[in-house]
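Asker: The structure is given below, and queries will be raised subsequently.
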Amino acid sequence: MIETGFHEQPLGRCRLPQILSPIVAGAAFMFFAIDANAATVVKTFSGWTLYSEAAQQQICFLASPPTETQPAGLKRDPALLYVSAWPKEGVRSEVSVKLGFPVRKATEPTVSVTGPGVTGPGNAAPPSFRMFVKDDRAFVTDATQELKLLEAMKKGTRLVVQATSERGTVVTDTFSLAGVSAGLQALAGGCQ
């Protein structure tokens, strides 16, 4: 069973990057305020599970644990990759990562997607996307880049998140993207 991580504290009074709209910031607050027991498993797509919660407002999300973590044996809370939707707030697919550890100040986690169909401009190496952190969670810094990340996820085979812990350990989590395209379709069509 995947821990949804909803029992974590709400975002509260954090300063989100100015790029994010107040609607997205409000939706993110709602996402973290939900009780884990209120989420219902809708369907599983390979390593991805679609959840739904409708007590406060309709909220749906895909979640997947990493398939590999480096360094191995790291002591931390479970990591999860999320794609979330709050239709009433106009949020269709927000990517976030529960890192499971505090991140070193003045560092930015990055996420990249690899696979045969994923390249940067002019067949360059796959793009890397910057993230900002609130507590042990990371969010894509720029909404436009988030859309590009989602498109890369549909074409890729692996997603890699790299972050530096408060203690200075560089942590790399690798997530399988098998099933994410079907999961994203279900998220878009089933969360009204």
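Asker: How far apart, in nm, are the 7 Å Cα→Cβ label points at ARG76 and LYS105?
Answerer: According to this spin-label approximation, the distance is 2.0 nm.
Asker: Using a Förster distance of 30 angstrom, determine the FRET efficiency expected from the C-beta separation of ALA182 and THR144, and round it to 0.05.
Answerer: Efficiency, from the Cβ-Cβ distance: 0.75.
Asker: Still on this model: Suppose R0 equals 25 Å; then what is the FRET efficiency for ARG167 and SER128 from their Cβ-Cβ distance, rounded to the nearest 0.05?
Answerer: 0.60
Asker: Using 0.36 nm per residue, how much length does the chain from ALA54 to THR67 gain when fully extended, once their Cα-Cα distance is taken away?
Answerer: Contour length minus the Cα-Cα distance gives 1.7 nm.
Every number in this text was worked out from the coordinates using simple rules, so none of it is lab data. Only a predicted model underlies this, so the values are computations on that prediction, with no experimental measurement involved. Ideal geometry is used to build each Cβ from the backbone, glycine not excepted, and the neighbour counts take in all protein chains shown.
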